[in-house]
Every structure is written in structure tokens, then in C-alpha cells.
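Laboratory data are not the source of any read-out in this text; all were calculated from the coordinates shown. Please read all numbers here as calculations on a predicted model, not as lab measurements. Cβ placement follows ideal geometry from the backbone for every residue including glycine, while neighbour counts extend to all protein chains displayed.
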Amino acid sequence: MRFSLRAPLASFLVCLSLAGASSGSAYNGRPKLVVIVVIDQFHGDYLERYRDQWGEGGFRLLLEHGADFTDCNYDYANTHTAAGHATLLSGAYSNGHGIHANSWWDRQTKRMVTSVQDDGTKLVGLAGGLPGASPHNLLADTLGDELKLATQGKARVFGIALKDRAAILPAGFAGDGAYWIDDKSGRWMTSTYYRSELPKWISDFNDSKRAEKYLNKDWKDNSGKVLRNTVPQPGQEPSFYDLVAATPFANDYEFELARELITYEKLGSGPATDLLTIGLSANDILGHQVGPDSPEMQAMALATDRQLAEFFDFLGHQIGLANLWIALSADHGIAPLASVTKRLRIPAPIVSPGKLRAQVNQLLSRQFSPGRSVEYLKVFDYPVAWLDDDAFAAVKVKEEDAEHAVGEALKQVGLRDYYTRSQLARGDVPNTPLGRRFQNSYSPLGGWYVFGVPAPFAVASSTGTDHATAYTYDTHVPLAFYGLSFQPGTYRTHSEPIDLAVTLASLLGINAPTHAVGRVLTEALAASRRAENSSRPPADKRLHSPNSSDPMRPVSAVARGGSW
Ligand SMILES: [Zn+2]
């Protein structure tokens, strides 16, 4: 009797699932989890430069079993961390998502504000009730937001990084959580934008003093040579950021959190595709100090390879590689050290932004307030000038004239050219590749500003280096995908970071983010997905149906099916 009752029910469930599987819905063939790894500062040529040195299962998983785009460049000039992370997940440039810098001059409060600071929130996980951070400045939504919309919130979306901006912006508005560290202690925190207290598993993680175990250690390269140590100076209170953040230990620490996040939040086991973004900040913190071509950066890249292999292995055991899509990119590259370019007789001016700012203010004072020294150029975050609109208002100079005057002064002190905010707001740029890159850098946020165009390889220090230009050393980044939907291979076709979110959205059968302008990288889709592209079912059939989110539905069986 029991069996006779159950058998029809079982047949019914099988019919339901078969109906779902045969509907041709791209969304039904979704992965359980999408992991997007954004290496903070990674030259686009590293994957090829060190190809013979990669171990098994790290970068080679993407290079040999995934789709690798070798010629991926940002098509904008403001190659900063916040902008890059926002670009990758929104599929738009700054003129779409609004994030054009890590921080900018705020006309209301008369101070520099960061891209994510939000005084309407508080930090969570750190005593003192300090102001927190949120994605409130984003002017576009992200891949995670669209995933949330398409699944009525069932998809779970998280972002982690050492830096707040690299955790928050990729997780979008609807993210379930974004976690970053307190620089001093290394403890993970979030803000009241997401929740009022840390989840227990993160409190436990912090209380188990995981950050401290990376102190008093030697960082050795593969030959055993000690490159750095994380030993605090006698009498010095240890700072995680100062001691650990520029070593591979910081990435180890981040991957520890990523593993626990996947385990405790049960990512990849829910009714919808989940999304996790991981911003690997340590690479950038080191790269600023030693330059992209140093032995330390090579050792860092090799360590990243080993860490990725371990993490992918964990994902394979936890979720199954067949149920995953992995995407890899970076938020920007970086300029070589001046000492390196000079040795090769490549012209590389070393500039002093402080001196340049003083010179520009001198020129402007002579022009607008003779006999009186005024700081018209408030902050020179080389090569971006943030203007004091009050100072210009006091001498009755309007924005357009003020920005033009600053731009001309920048040229007098050695910058090659300039683009003003008001010019970009009008869309008034020359029809050249560089003009387009600056147009894509425009944002209405951040008061009056002027983008200076520096000479290539110009850096603001004789010892360190930076990124913030439209040149290839800053714009060229890796872009690679792993997953059953991709046709493994090396693709030398044109690609941009904005293509990442658009391609993943298309394969998930969901809308691309609101301001997305990237393209679907159709050349890298597995044959079955390409065929599907040319005979896609009507849009309403592709939409996520309530049946397909039924937790009873054997999603993994469908996902592993022959159709993709
Ligand atoms: Zn960065």
C-alpha cells in the first residue's frame, strides 16, 4: 500500500523535473555557485609571462581547462581599485556606475570622502561605533543584484576583500554580506548596511586569533629565500596591515575566510545560483612598494597560484567543479618602477604631486587673486585634481572656467593634456581612443575635478609606483572563465572587463546589470551554448520559473547534463 501511494508521486516528481529540464531554460542549467576572483593589481601579461612556472590546478585550471582572454583592457583612464571592482560587476564604466576614484572631494562636507564611506551606517565588528560603509554611491546595479532580482532574492551574494571598497562594490546593493578587515587587528568586519552584528561564525573566526598566527613568520620564495618577515619591531604594537598585508599570508588569511563563508553560509547548496566575489588585496599592497617586475611580485604571483589551486580544490570537494563557474580578472595593472624604466632608457619622469599642486596654486593665484595665495587646487591625487569650488566662487569664477584654468596650469607644470568634469559632462571629447577612455571615466559625483593626462611611465615616487592612467600597463588585466559553459582555449579577440558581467548574465539567463555595455563573449562559449544562442527560446521561456527554484528539483543532475 505504501509503495502504491508513493510510486505515482515519484513519477510525478520525475515528470516535473524532466519538464523543467526540457524547457530549454538557460537559467535551469545554472551552476550552483559563481566565484569571481579579482586580483587587486595583476598585470595582464603575468599569466603568459610565468606560464611555465604555474603549478597544477591554480591558474592552469583556467588556462588549460577554461577560456582565457589575453587581450583584456579597461577602456577608461581612471584605473583605480574602486572603479575597477565596480566595473567588473556592473559591466559598465564610470560613466555608467559612477565610481571614478577611490575617494573624491565632497562639496557638501568640504572634505575628501571614499567611494564607499556612508555616515548613515556604522561599522560592525569593531568597537567605537565608527562610521561604516555601503554601496550607496553606485549609480548602477551589479550582476549580484540582477541574480537576486531574477530569483526573488533566493540567490545569495557575498563579497570579501581586505579593502572595504573591493568587498562592497562587487556585492552590489542586494548583497547578503560584504566583509573586510580592520587594518590594525586584521579582524573581519562589516557595516550596519548589511546587518547589526557579525554572524557567529565570523565572531568565532575573529576570536580564534587567526590574524595573529601570521605574525612572526618568514615569507620565503620557492627557493627558500626569505623575502620578508612579519615580525613586529620591539615595543611596536603589531599592525596587520603594515606587517602582513603585503605578503601572501594576507591572501591565505582571506581564503581561510572564504572557505568558512562557503561552509557556514552553505553557498552552492541553495535553491538558486549563489555568487561570491573575492578581492585579493595583498598583491596590490606589495606591488605599490616593489613594482610589477620585482622578484617579490613574481613570488607573490606564484603564491597566488598555489593559493588558488588549494581553493579550487576545496571548491571541487565542497561543491563539485562541474557545478561551478569561476571567473578571474583584476581591477587594474600598475606602472613599472622608475628605476626599471630608466635602466632601459624608457623616459619615465618622477613627479612630486605636492610640488606640482603648489605650482598650480601659484599660477592660479596670480591669475585670479593677484597678491593673495589661495589653494584653488585642494587635493592633487595625481593625476586627478580636485578643486575647491568655494575658493573659485569667492573670485566669481564658474566651474567650467575654473576647471579650464586648472587644466591649463597642469599643462604648464608638465602634464600632457587634461579633461575637465564639465567637458566630460557635455560629452565634448575628441573622437580618439584616448578621448573615449576619458569619456568613460566621467562621473557626476565628486564636485569639480580635472583629469590630468600624464606622460607614460610618469610616477610620483623614485621608490614606489602607482596606477591611475589610460596606458596599457594600467589597463591590461587577465580575464578568464572556467565552467562547463565555456569552450576551453586561448582567445586573443578584443575583450574588456565590462564583458565579464554581461557574459555571465547571458549564460545565467538573467538581465545584465542596468548600465552594462559589455558584450557576450560568444567565441568562448561551449558548442552547446553557442547553438543555444542562435536558437534561443522566447524570453518568457528563459525566465526563472517557480518550479526551477524548487529545492527538491535535482539541479545538479540537470547542470551536469549533456546540453552544456
Ligand atoms: Zn586595486
Neighbouring Cβ atoms within 10 Å as the yardstick, rank V477, V340, V231 fewest first. V231, V340, V477
Straight-line reach from K398: which lysines have a Cα under 29 Å away, not including same-chain ones fewer than 8 places off? K110, K355, K378, K411
How far is helix 295-318 tilted off the main Cα axis of the chain, in degrees rounded to 10, range 0 to 90? 20
For A82, what charge total do you get from the other residues with a beta carbon under 14 Å from its beta carbon, if Lys and Arg give +1 and Asp and Glu give -1? -4
Quick one: work out Rg over Rh on the C-alpha atoms of the chain, Rh as Kirkwood radius. 1.00
Size descriptor, Kirkwood hydrodynamic radius, that averages inverse alpha-carbon separations across the stretch 185-321, Å: 16.5
Please give the charge dipole size of the stretch 406-518, origin at the Cα centre, charges +1 on K and R Cβ atoms and -1 on D and E Cβ atoms. Round to the nearest 20 debye. 140
Taking +1 at the Cβ of each Lys and Arg and -1 at the Cβ of each Asp and Glu, which of G270, Y382, W448 sits farthest along the dipole of the chain towards its positive end, judged by Cα position relative to the Cα centre? G270
The stretch 339-430 shape via C-alpha gyration tensor axes, a/c threshold 1.5: oblate
What ranking do 456-465, 281-290 get when scored by the average of other Cβ atoms within 10 Å per residue, highest first? 281-290, 456-465
Quick check on the stretch 381-475: take the gyration tensor over C-alpha atoms, sort the square-rooted eigenvalues as a ≥ b ≥ c, and tell me if it's rounded (a/c under 1.5), prolate or oblate. oblate
Averaged over all directions, how much area does the convex hull of the C-alpha atoms of the stretch 228-283 cover when projected, in nm²? 4.8
Rounded to the nearest 10 degrees, the helix 353-368 long axis (Cα) sits at an angle to the longest Cα principal axis of the chain of 60
Once the in-chain neighbours fewer than 8 apart are removed, the aspartates and glutamates whose Cα is under 13 Å from K163 read D40, D182, D183, E254, D284, D331
Can you tell me how the stretch 267-399 classifies by the Cα gyration tensor, rounded, prolate or oblate, using a/c under 1.5 as the rounded cut? oblate
Compactness of the stretch 108-215 - radius of gyration and Dmax, Cα, Å: 14.4, 44
Going by how many other beta carbons lie within 10 Å of each one, how would you line up I346, I498, I39, fewest first? I346, I39, I498
Under a point spin-label approximation (7 Å from Cα along Cα-to-Cβ), what is the S528-K154 distance to one decimal in nm? 2.1
